[in-house]
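*Asks:* One structure is given below, represented as C-alpha cells, and several questions about it will come after.
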Amino acid sequence: MNAFRRNVLKGAAGAGTVAVAVAAGLLKPTQALAGAPRSAFEAKNVGDAMKSMGVSAPADSKDITIKAPDIAENGAVVPVEITSGIAGTTAIALIAEKNATPLVADFDLSGGTQGFVSTRIKMGQTALIRAVVTAGGKSYTAAKEVKVTIGGCGG
Amino acid sequence: MAEPMRIRATMAGDVADVKVLMNHPMETGQRKDAKTGQLVPAHYITEVTATVGGNTVMKAGLSGGISKNPYLGFKVKGAKAGDKVTVSWVDNKGDKNSADATIG
C-alpha cells in the first residue's frame, strides 16, 4: 500500500502513466488501490463472489477471448489466457464456476498494462471458466467450458 | 520461502511481454494428506504486485485456485527496453518475496 502511494507520488512528479490515467479519469484511485476484497475469494459460489466484488449482472461480450484447453487431462494445471479487446480495461477477474471457492484470481491493471493475463489454475471438475472484465466502470463477461478428467483440488 | 522467482521480460514492438514464474506450494487448505488423512493447511499467495520503471502496472489478488508454482503473464504498453520490472508477492502466512529483471 505504501509502496503504491510512493509510486503514485513519483508518477505525479514525473507525469507518469498512472498519474496521467488518474487525471484523465480512466482510473479511479479507489480502483487502483483496492481489487476484489478477500471476502470475494472466500465466497462459495459465483453469485456471492460477484457480489463481494461489487459486480452485478455483467454484460456478455464478444470482445473477451478466453484461451483454455477444451479438455484438461490434469485439473491441477489448466493454462488459461484472457484477452480483453475492450478499451480501457482496468481489471480482469478469473472464475472457475464449480471450484469450492470460484474466484481464482483478480488482476488490477494500470500504467499501460494491456487487457491480457495468462496463468495456470486448478479446477476441481468440468466447469465454465468465466472472465469478468471491468472497463470504464462497467462489467463485461465471457465464459468457456473446460472438461476436466482428473480433478486438481484434492479430495 | 525465499525460493527464487524467475522473471522474463521482452519487448515486442512497443509492448513489453512479462512472464513470471513463482515458487510456491499453493495449498488450498482443502487437500488431505494421503498418509495421515489430515487436511493440509492452506498456504498460498494472496497478492502479487508488479511495477515497471517504478509505476505499478498490475496488482493481482490470488486464491488457492492458482496452480502450484504460479505462472503469470501480462503485457505492458509503453515500457522501454532497459526498464526495471519488479514483482513481489505476499502469502497467507505473511511470507514475502520480491525479484526484479530488466526488460531486454
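The values are calculated or read from the model by the stated rules, or taken from the named source; none is laboratory data. Just so we're clear, the structure is a prediction, and the values are computed from it rather than from any experiment. Quick reminder, even Gly has a Cβ in these numbers, built from the backbone with ideal geometry, and neighbours come from all protein chains shown.
*Asks:* Among the listed residues A:VAL80, A:VAL132, A:VAL46, A:VAL148, which satisfies the condition of being within 14 Å of another protein chain (Cβ to nearest Cβ) and closer than 22 Å to B:TRP89 by Cβ? Walk me through how you get there before you give the answer.
*Replies:* On the way: A:VAL132 fails: closer than 22 Å to B:TRP89 by Cβ; A:VAL46 fails: closer than 22 Å to B:TRP89 by Cβ; A:VAL148 fails: closer than 22 Å to B:TRP89 by Cβ.
Just one listed residue meets the conditions, A:VAL80.
*Asks:* Condition test on A:THR89, is it of a type in the set (Ser, Thr, Tyr) and either surrounded by 24 or more Cβ atoms within 10 Å (Cβ to Cβ) or within 30 Å of B:ASP14 (Cβ to Cβ) (or both)? So that I can check it myself, show each step before the final result.
*Replies:* Details: of a type in the set (Ser, Thr, Tyr): yes; either surrounded by 24 or more Cβ atoms within 10 Å (Cβ to Cβ) or within 30 Å of B:ASP14 (Cβ to Cβ) (or both): yes.
Judged against the criteria, A:THR89 is a match.
*Asks:* So, in region A:30-75, exactly how many residues are at pLDDT below 85 and either in contact with a Phe, Trp or Tyr (Cβ under 7 Å, 6 or more places away or on another chain) or surrounded by 11 or more Cβ atoms within 10 Å (Cβ to Cβ) (or both)?
*Replies:* Residues that pass the stated criteria total 6.
*Asks:* Tell me, which residue of region B:72-102 that is outside any strand (DSSP E or B) and among the hydrophobic types (A, V, I, L, M, F, W, C) is nearest to the other protein chains (Cβ to nearest Cβ)? Write out each step before concluding.
*Replies:* So the first thing to find is which residues in region B:72-102 are outside any strand (DSSP E or B), and the list is B:78-83, B:92-95.
Next cut, among the hydrophobic types (A, V, I, L, M, F, W, C) only: B:79, B:81.
Values: B:ALA79: 7, B:ALA81: 15 Å.
Once the filter is applied, the top-ranked residue is B:ALA79.
*Asks:* Which one of B:ALA50, B:ALA34 is assigned to a loop (DSSP other than H, G, I, E, B) and either within 12 Å of another protein chain (Cβ to nearest Cβ) or under 20 Å from A:ASN74 (Cα atoms) (or both)? Show your work before the answer.
*Replies:* Numbers: B:ALA50 fails: assigned to a loop (DSSP other than H, G, I, E, B).
Just one listed residue meets the conditions, B:ALA34.
*Asks:* Shifting gears a bit: Inside region B:37-68, can you point out the residues that are of a type in the set (D, E, K, R) and either closer than 18 Å to A:PRO37 by Cβ or free of Cβ contacts under 8 Å to residues at least 40 places away in the same chain (or both)? First the steps, then the outcome.
*Replies:* Filtering region B:37-68 for residues of a type in the set (D, E, K, R) gives B:47, B:59, B:68.
Result: B:GLU47, B:LYS59.
*Asks:* Sticking with this one: Mind checking which strands (runs of 3 or more DSSP E) fall wholly inside region A:96-145 and carry at least 1 residues that are under 14 Å from A:MET50 (Cβ atoms)?
*Replies:* Values: elements: A:103-109, A:113-121, A:127-135.
In region A:96-145, A:103-109, A:127-135 are the strands (runs of 3 or more DSSP E) which contain 1 or more residues that are under 14 Å from A:MET50 (Cβ atoms).
*Asks:* Right, another one. Taking the condition free of Cβ contacts under 8 Å to residues at least 12 places away in the same chain and touching a Leu at 6+ places or on another chain (Cβ under 9 Å), does B:LYS32 pass?
*Replies:* Working: free of Cβ contacts under 8 Å to residues at least 12 places away in the same chain: yes; touching a Leu at 6+ places or on another chain (Cβ under 9 Å): yes.
Spelling it out, B:LYS32 is indeed free of Cβ contacts under 8 Å to residues at least 12 places away in the same chain and touching a Leu at 6+ places or on another chain (Cβ under 9 Å).
*Asks:* Go through region B:1-27 and report how many residues are within 13 Å of chain A (Cβ to nearest Cβ), outside any strand (DSSP E or B) and closer than 17 Å to B:ALA60 by Cβ.
*Replies:* 3
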